[in-house]
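Engineer: Provided herewith is a single structure, encoded as structure tokens, for subsequent inquiry.
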Amino acid sequence: MFKRLYKKVEELRPLFAEGGKLHAFHSLFDGFDTFLFTPSTPAGKVGAQIHDGKDSKRTMIMVVMALVPALLFGMYNVGYQHFLATGELVRGSVTCDLFWKAFGFGFLAVLPYILVSYIVGLGIEFTVAQWKKEEIQEGFLVTGFIIPLIVPIDTPLWMVALAVAFAVIFAKEVFGGTGYNIWNVALIARVFLFFAYPTHMSGDSVFVRTSGTWGWDEGKTLVDGFSGATPLGQLATTSDATLIPVDFWTAFNGLIPGSVGETCCWAILLGACLLLTTGVASWKTMLSVFAGGAITAWLFNAFGPDTAIAHLPWYMHLVLGGFAFGAVFMATDPVTSARTETGKWIYGFLIGVVAIVVRVLNPGYPEGMMLAILLMNTCAPLIDWCVVQSNINKRMKRSQKKEVAL
Amino acid sequence: MALSQKTKETLLGPLNTNNPIVVQVLGICSALAVTVQLKPALVMSISVTIIVALANVIVSLIRNTIPMRIRIIVQLVVVAALVTLVSEVLKAFAYDVAMQLSVYIGLIITNCILMGRLEAFAMTNKVWDSFLDGLGNGLGYSIILVVVAFVRELFGSGTLFGIRIIPESWYVANGGFYENCGLMVMPAMALILVACVIWFHRSINKESK
């Protein structure tokens, strides 16, 4: 099967080569070729090799696979929240029929976002690669997959398209493409939406799809007392300082309103396991984000102001909002995070700290994970520099001491 | 009167190959602050053009009598006097725009283009050349301001000079699909737009890199 596919691709190769009929699409062809197979330039048989012919697409596809549980659950949750709002479904009594109905609804609702994200983003990437006569860069595989997962399900598609274009051009291509970006590209897309169209990115009417999708289940009346507020949104606006909007296991399970892929902690943990066992993501970054968040939240519990969000138990902070998703999939982005091993601890820890500080102290932003990661992306080179410099100083002192001793 | 090659260079150079904003990278701060809408941007452009041209003329006239040690102070006094005049005129004849621009008219004193041109040109050149240089730089500044303000007002507020361009019925609030881009109103986007202008300018003017 694979061999036949390989043969077929090889037969097509001359078409796309220099002078071939379809040369204009050669970057598209190269992209899919290396995506499917090992690149034809593997490590040589003689001499010392620093790395083998493994393409960064292999790493990328691992991350995409790790994101699949969160995506599938996110789809189900979109449908679940919708039918909960229309009263067709009651919490705790989901039949098999209803399950598939909810999943189907969510699938159809999320699908356009994935398509728009990939078509716009890859379109720009292929165009740039073709224009600069470079090999197609594969970084967008992950970015394009993450963007649909971190936007509210009611975001208009043209806004997503605009944000993707903005992020790919201004956060990535102008810096030199994949591997050179300073900030996480998917988060730049989200931050663009957040500041350009704030009414579509926060509040209590965007996180639950109340209208239909593709004409299905259109114009339903909502149940009495329906509120589409996310737990963090409720906490930010409440005047009741003892409010705990959901219990730990509900939040952990993820059947709560929120951006598509961020709600379900066990699906994210499943992805985290894959990333850690394959060594794609750094366990140091991941762990230290959670540690930073937990410690800061605990400090707010003990000494914080008298507000609901400051009183929220520290373990709740870790399962609500985009904290887990950000810690596992976005803070660990190897391009934008710190690269020194000590730096990873500091970088991750500070992300956790800043995220919780923004959540608790800034009522304008119910969620701080996005801003925390972007801020620390900016600081990552500085952290690395400090770590390296302190190492140099330490060794310098040590060698000087030896000289004195001699 | 046909312009000589040198005169042309002095007057038209700053419009393109020696533009104060995109090539000399001066006067960026005000380009970020006053370009949310076209009208204040235009008023600001005219004010700066007049002030740079006149300040250049005055400083060029007295350039041989200014002691080198205190030249910056003398230049500042000249600019401050002109800025105060313009500010008073605006308050008298275009009060609402003057209020919109608020401190930025006063802050023309600190606009880098002014000090830059006075130091780099007016102190060492004749009066007529200095006038042309001031005019050219003022206009070069104006072009960029107007371009940035055009984009920011159109996409940030859906208007141009306060006149509605994008129909009301397109907006989500009126059952449409469109929404103004809130980022356009923020200074950050002005910086990105100026960067885009620079990008475009450098790609068509290879030699000015």
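Engineer: Kindly provide the set of residues from segment A:20-40 that are open to solvent by 40 Å² or more (accessible area, probe 1.4 Å) and either assigned to a helix (DSSP H, G or I) or modelled with pLDDT under 70 (or both), ordered by number.
Structural biologist: Start the filter on segment A:20-40 by keeping residues that are open to solvent by 40 Å² or more (accessible area, probe 1.4 Å), which leaves A:21-25, A:28, A:30, A:32, A:35-36, A:38, A:40.
Listed by number, the residues that qualify are A:H23, A:A24, A:F25, A:L28, A:D30, A:F32, A:F35, A:L36, A:T38, A:S40.
To keep it simple, each residue is scored yes or no on (1) of a type outside the set (S, T, Y); (2) farther than 25 Å from A:V328 by Cβ; (3) open to solvent by less than 20 Å² (accessible area, probe 1.4 Å).
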| residue | (1), (2), (3) |
| --- | --- |
| A:M60 | yes, no, no |
| A:E88 | yes, yes, no |
| A:F107 | yes, no, no |
| A:T127 | no, yes, no |
| A:I136 | yes, yes, yes |
| A:F140 | yes, no, yes |
| A:P152 | yes, no, yes |
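Engineer: Looking at segment A:299-318, I want the residues that are in contact (Cβ under 8 Å) with a residue 60 or more places away in the chain and have a partner that is among the β-branched types (V, I, T) and surrounded by fewer than 22 Cβ atoms within 10 Å (Cβ to Cβ) with Cβ atoms under 6 Å, at least 6 apart or on another chain. Which pairs are those?
Structural biologist: Here the result reads A:A308/A:T238, each pair linking segment A:299-318 to a residue that is among the β-branched types (V, I, T) and surrounded by fewer than 22 Cβ atoms within 10 Å (Cβ to Cβ).
Engineer: Of the residues that make up segment B:125-132, is at least one basic (K, R) and either modelled with pLDDT under 85 or open to solvent by less than 30 Å² (accessible area, probe 1.4 Å) (or both)?
Structural biologist: Filtering segment B:125-132 for residues basic (K, R) gives B:126.
Now drop any that are not either modelled with pLDDT under 85 or open to solvent by less than 30 Å² (accessible area, probe 1.4 Å) (or both), which leaves none.
So far as segment B:125-132 goes, no, none of its residues is basic (K, R) and either modelled with pLDDT under 85 or open to solvent by less than 30 Å² (accessible area, probe 1.4 Å) (or both).
Engineer: Taking A:P366, is it closer than 21 Å to A:T250 by Cα, open to solvent by 30 Å² or more (accessible area, probe 1.4 Å) and either within 21 Å of the chain's Cα centre (by Cα) or assigned by TED's automatic domain parsing to the domain that holds A:G176 (or both)? Walk me through it before giving the result.
Structural biologist: Numbers: closer than 21 Å to A:T250 by Cα: yes; open to solvent by 30 Å² or more (accessible area, probe 1.4 Å): yes; either within 21 Å of the chain's Cα centre (by Cα) or assigned by TED's automatic domain parsing to the domain that holds A:G176 (or both): yes.
For A:P366, the condition - closer than 21 Å to A:T250 by Cα, open to solvent by 30 Å² or more (accessible area, probe 1.4 Å) and either within 21 Å of the chain's Cα centre (by Cα) or assigned by TED's automatic domain parsing to the domain that holds A:G176 (or both) - is met.
Engineer: Given the conditions (1) within 30 Å of A:A196 (Cβ to Cβ); (2) surrounded by fewer than 20 Cβ atoms within 10 Å (Cβ to Cβ), and given that B:T110 satisfies all but one, which numbered condition is not satisfied?
Structural biologist: Here B:T110 clears every test but (1).
Engineer: Quick one: B:A92 ticks every box in (1) touching a residue at least 12 places away in the same chain (Cβ under 8 Å); (2) open to solvent by 70 Å² or more (accessible area, probe 1.4 Å) except a single one, so which number is it?
Structural biologist: Result: B:A92 passes all but (1).
Engineer: So is A:W249 free of Cβ contacts under 8 Å to residues at least 60 places away in the same chain, surrounded by fewer than 17 Cβ atoms within 10 Å (Cβ to Cβ) and either in contact with a strand residue (DSSP E or B) (Cβ under 8 Å, 6 or more places away or on another chain) or not hydroxyl-bearing (S, T, Y) (or both) or not?
Structural biologist: Values: free of Cβ contacts under 8 Å to residues at least 60 places away in the same chain: yes; surrounded by fewer than 17 Cβ atoms within 10 Å (Cβ to Cβ): yes; either in contact with a strand residue (DSSP E or B) (Cβ under 8 Å, 6 or more places away or on another chain) or not hydroxyl-bearing (S, T, Y) (or both): yes.
Here the answer is yes, as A:W249 does meet what is asked.
Engineer: Suppose we filter A:F83, A:F73, A:F107, A:F99 for residues that are in a helix (DSSP H, G or I), touching a Cys at 6+ places or on another chain (Cβ under 6 Å) and in the same structural domain as A:F207 (by TED's automatic domain parsing); which single one remains? Spell out how you get there, then give the answer.
Structural biologist: Values: A:F83 fails: touching a Cys at 6+ places or on another chain (Cβ under 6 Å); A:F107 fails: touching a Cys at 6+ places or on another chain (Cβ under 6 Å); A:F99 fails: touching a Cys at 6+ places or on another chain (Cβ under 6 Å).
After ruling out the rest, the residue left standing is A:F73.
The values are calculated or read from the model by the stated rules, or taken from the named source; none is laboratory data. All values derive from a computational prediction rather than experimental measurement. So basically every Cβ, Gly included, is an ideal-geometry build from the backbone, and we count neighbours across all protein chains shown. Protein only, heavy atoms only, side chains kept; ligands, DNA and RNA dropped before computing areas. Shrake-Rupley method; radii C 1.70, N 1.55, O 1.52, S 1.80 Å.
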